[in-house]
Amino acid sequence: MSAAKPDARSVLEAAHELGWRLPPDLNDRITEAIYAESSEIAGRRVRRRGGSMRLAWQEALDRILTGRWTGIPAMVLLLGVVLWLTITGANYPSGMLAELLIDRWWHGLREVFAAMGAPGWLRGIVVDGMYLTTAWVVSVMLPPMAIFFPLFTILEDFGYLPRVAFNLDRMFKAAGAHGKQALTMSMGLGCNAAGVVACRIIDSPRERLIAIVTNNFALCNGRWPTQMLIASVFVGGLFPPALGGMAAAGAVMGVAGLGFALTWLASLVLSRTVLRGEASTFSLELPPYRPPNILRTFYTSIIDRTIFVLFRAVVFAMPAGAVIWLIGNVHVGGQSLAHWMVGALDAPAWWLGLNGVILVAYVVAIPANEIVIPTVLMLTALVTGQAGAGAGVMFEVEEADRFRQLLDAGGWTVLTGVCLMIFSLCHNPCSTTIYTIWRETRSLKWTVLATLMPFVPGIVLCGGIAALARALT
């Protein structure tokens with residue numbers, strides 16, 4: 001009859017009686033070894049019985065999506081596909097909405113106000129200002145969100161988002177942040193306001209604040225049009241036509257990658273300064289893959305996310321439209337307020353590789369990033385004396401050549417375009433996101449920090465690029 005094996009407790013007691021010096025983490029090591037052996041035994045038992053096709057398929061998929069060498073590339077590739085579907089898929093419905101809300105209804109409203117004998121200033125503020133700005137926001141924001149959020153929800157229901165957190169957990173933990181910040185950052189690629197709301201999934205108040213404050217470094221759908229248009233005109237224009245599209249796409253993805261790097265760096269700085277503390281641990285259970293629930297996907301993505309965010313954007317866009325029309329039509333000393341503002345900001349903008357038009361556009365477009373390009377065009381037409389669609393009226397130029405000609409008349413260069421792409425990433429959040437940050441934190445201090453912090457890397461990067469470019473010329 002064989003002797004019974006001594007258990008771990010009796011071995012430890014004997015070691016203490018003999019005066020042996022044991023490692024302080026011996027208990028943790030024993031526990032980890034027990035769990036590892038149990039998992040191995042369970043795995044062998046499942047395989048010995050043949051397992052199931054579903055389990056084998058999930059294990060094979062996990063080896064790709066969470067593998068040490070394949071997890072990150074697969075994540076980048078999948079994100080690129082989602083963004084490509086969002087960008088290309090939104091072009092057609094955006095054009096349809098713009099044709100309906102702007103080409104038809106805007107002109108129709110102008111005729112109605114003229115037939116009613118309404119004064120010019122009233123028609124300007126209500127139709128050319130408030131309505132037109134809101135129409136731009138809806139036509140640009142609604143289609144991308146209606147595509148991105150369902151795709152994001154499908155990945156969430158499928159069970160992939162916990163794998164994203166698994167892949168990036170070690171990286172964010174090294175910055176003193178939470179692994180789930182990878183999920184909130186991904187949500188911010190659709191809308192920063194929605195990304196801020198998604199930070200509720202992080203239990204630790206300190207790490208939730210880090211995720212909220214740094215979410216603006218994720219390029220939202222309101223900034224993608226600016227990135228793509230400027231990259232196509234200025235970066236793509238440096239290459240032959242056959243390579244221009246690829247070069248422009250690479251530049252945009254480079255800016256998106258810079259946004260991730262700044263998110264990580266800002267999280268590291270915050271966790272070492274004003275939000276100092278230990279990174280919390282959490283048990284991340286990778287759920288089994290499952291087919292998405294179509295009804296849940298529709299409700300969560302369209303009703304709970306798209307409509308909610310769009311409503312907030314519209315609320316802020318309407319008064320912004322009135323401001324945009326007023327600065328283009330109210331004259332002081334023979335010049336419009338827009339002329340005075342552009343002239344005052346031209347000098348500081350020069351040091352950043354930008355111009356006064358860009359800075360004024362970002363001031364008046366705080367309610368929504370979607371109206372930056374139309375505002376830039378309106379202001380450029382004003383300061384260069386080109387008629388456009390009328391003083392203080394936003395418009396877009398569909399032909400790339402005409403767009404480039406208008407910007408060239410305003411003194412734009414390749415340096416201006418590159419610095420604008422950087423500044424589009426590193427500037428204050430839109431008013432919808434600022435309001436959402438305040439609602440989530442109920443703190444003026446953290447709201448102000450989240451609003452102003454992105455300017456620091458923006459000024460450093462744009463100023464450094466401008467200084468280097470001038471030194472080389």
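Here are the numbers:
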item: Global size of the stretch 190-298 as Cα Rg and Dmax, reported in angstrom; result: 18.5, 51
item: Percent breakdown of C-alpha pair distances by 5 Å bin, ordered from the shortest bin, for the stretch 101-218; result: 2, 11, 16, 16, 11, 8, 7, 8, 7, 6, 5, 3, 1, 0
item: Residues Ser94, Ser232, sorted so that the one with the fewest Cβ neighbours within 10 Å comes first; result: Ser94, Ser232
item: Least to most buried among Thr306, Thr413, Thr447, Thr297 (fewest other Cβ within 10 Å first); result: Thr413, Thr297, Thr447, Thr306
item: Kirkwood-based shape ratio for the stretch 103-172, expressed as Rg/Rh from alpha carbons; result: 1.40
item: The stretch 316-472 - Rg and Dmax from Cα coordinates, angstrom; result: 16.2, 48
item: D (Stokes-Einstein, µm²/s), Kirkwood Cα radius, the stretch 226-281, 1.306 mPa s at 10 °C; result: 120 µm²/s
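Readers should treat all values here as calculations from the given coordinates under stated rules, not as data from a laboratory. Worth saying up front: this structure is predicted, and the values here are computed from it rather than measured. So basically every Cβ, Gly included, is an ideal-geometry build from the backbone, and we count neighbours across all protein chains shown.
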